Amino acid sequence: MHPTSGEESGARLGPRPSVLVMQPTTLCNLDCRYCYLPARHERRDMSAAVRRAVTAAVVRWSRSGPCPEVLWHAGEPLTVGVPAFRELLSGWPPGTVHRVQTNATLIDDTWCDLFDRYRVRVSVSVDGPGVMNGDRVTRAGGPAGRRIEAGTALLVRRGIPFDMLSVVRDPSPGTARAIYAHACEVGAQQLGILPEERKGAHHGVPRAAGTGWAGFFHELYVQWRANPLVRLRELESVANCFDAIRAGVTAAQIRDMPVEPIPTVCHDGEVVVMSPDLAGFTHPRHGRFTVGNVLEQPLERLLRRAESVPWVREALAGVEACRRTCRYAVACGGSWPANKYFELGRLDGTETAYCRNLQQAKVEGALLCRT
């Protein structure tokens, strides 16, 4: 379903971000079979000049409110090496929270020292125990599971808290039980779930598209209720929505909330909004997905003018269409432009397989728990 041509979108970007994504490098040392990153075999590292331009903006934001959380992502951040990453962590205002999304294969004591010193919050990409990591492979095609386990075990030995993010290809109840048990066993603080997606450089059709996802989340929640050791990201997001409505916030008010801008600063200073997964890709009509470069204009100015960029206007029209037509928009917000673009070929579309498999299914799974 799509809005009519020329229709004005009522969705608007929020004035300042709560999360800022930084791409320290495009390179990844693994070659996972479902990876969407376009340049993961190439080393394009973020310069100190880009980092300084962004930290200057965050310093200015810090004078009038909280700093956004900084997520280092969109490549394997640890491939830049400890000295380079230490430089990237300098210059931020006090109180800035840094998080790194990593496959954990490069973690050693030197990295743990850095995580400790800068209080970096670690999230490990791992799909479960043993053979469940079969799609996470090295550049030579070999299994990466044991190296992931070794990095995770070192975090445990060093007492460094970490979360887990798991890509699921088989949404069976047995998979839900195995993933949750593994998260409990290794001592993760929080578990996040992502269905396999047809997105970016990954053009294959997910093996489990449209099947069993509500049951998967229901079983995941059942496991948590029986043994609530690990927080569930998806359950918390649904619970926050339910709590807001119980507190008197109307569904219409939730749908009318500004769209989180989620600025993603690429290695070269180009800025993407709304969806980090669009970084590095080009639209046949709009050109590169960017709203400008922090080496040319301050980040705050780029975000203020982002709504005037044609591809952003089209993406906001898609958000508005979701919010008008989908009963699940109250829980998800309707803002997933990368999935819309890569599945539907346009940014102003509405329902996608990603919506059904994650955003809708996590709500349905929670509702099943109430019956």
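Per-structure values
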quantity: Footprinting exposure proxy for Met132, Met257 (fewest neighbouring C-beta atoms within 10 Å first); calculated: Met257, Met132
quantity: Fluctuation leader among Ala329, Ala201, Ala353 - the chain, Gaussian network, Cα springs under 10 angstrom; calculated: Ala201
quantity: Cβ-defined net charge surrounding Ser166, 12 Å radius [Lys, Arg +1; Asp, Glu -1]; calculated: -3
quantity: Antiparallel %, DSSP beta bridges [both residues in the chain], to 5; calculated: 25 percent
quantity: Cα shape, segment 285-371, gyration tensor, a/c 1.5 rule; calculated: prolate
quantity: Tensor-based shape of segment 1-145 (alpha-carbon gyration tensor, a/c under 1.5 rounded, otherwise prolate or oblate); calculated: oblate
quantity: Packing-based exposure ordering (other Cβ within 10 Å, fewest first) of Tyr34, Tyr341; calculated: Tyr34, Tyr341
quantity: Formal net charge of residues neighbouring Gly81 (Cβ-Cβ distance under 12 Å; K, R +1; D, E -1); calculated: -2
quantity: Along principal axes, Cα extents of segment 148-201, largest first, whole Å; calculated: 37, 28, 17
quantity: Ratio Rg/Rh [Cα only; Rh per Kirkwood] for segment 194-344; calculated: 1.01
quantity: Taking Phe281, Phe162 and counting other C-beta atoms within 10 Å, the order from fewest to most; calculated: Phe281, Phe162
quantity: Segment 215-250 and segment 31-56: distance between their alpha carbon centers, rounded to Å; calculated: 33 Å
quantity: Size-normalised alpha-carbon gyration radius of the chain, reference 2.2 N^0.38 Å; calculated: 0.96
quantity: Translational diffusion coefficient (Stokes-Einstein; Kirkwood radius from C-alpha pairs) of segment 108-182 at 10 °C, 1.306 mPa s, in µm²/s; calculated: 118 µm²/s
quantity: Value of [θ]222 nm, deg cm²/dmol, for the chain, DSSP H segments ≥ 4, -39500 (n - 2.57) each, nearest 500; calculated: -11000 deg cm²/dmol
quantity: Peptides ranked, highest mean first, by Cβ atoms within 10 Å: ranges 214-223, 109-118; calculated: 214-223, 109-118
quantity: Label-point separation, Ala239 to Asp116 (7 Å along Cα→Cβ), nm; calculated: 3.2 nm
quantity: Order by protection proxy (mean Cβ within 10 Å, highest first), peptides 354-367, 137-150; calculated: 354-367, 137-150
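Computed from the coordinates by the stated procedures, all read-outs in this text should not be read as laboratory data. Predicted, not measured: the structure shown is a model, and the values here were computed from it. Don't worry about glycine lacking a Cβ; one is built from the backbone with ideal geometry, like all the others, and counts go over all protein chains shown.
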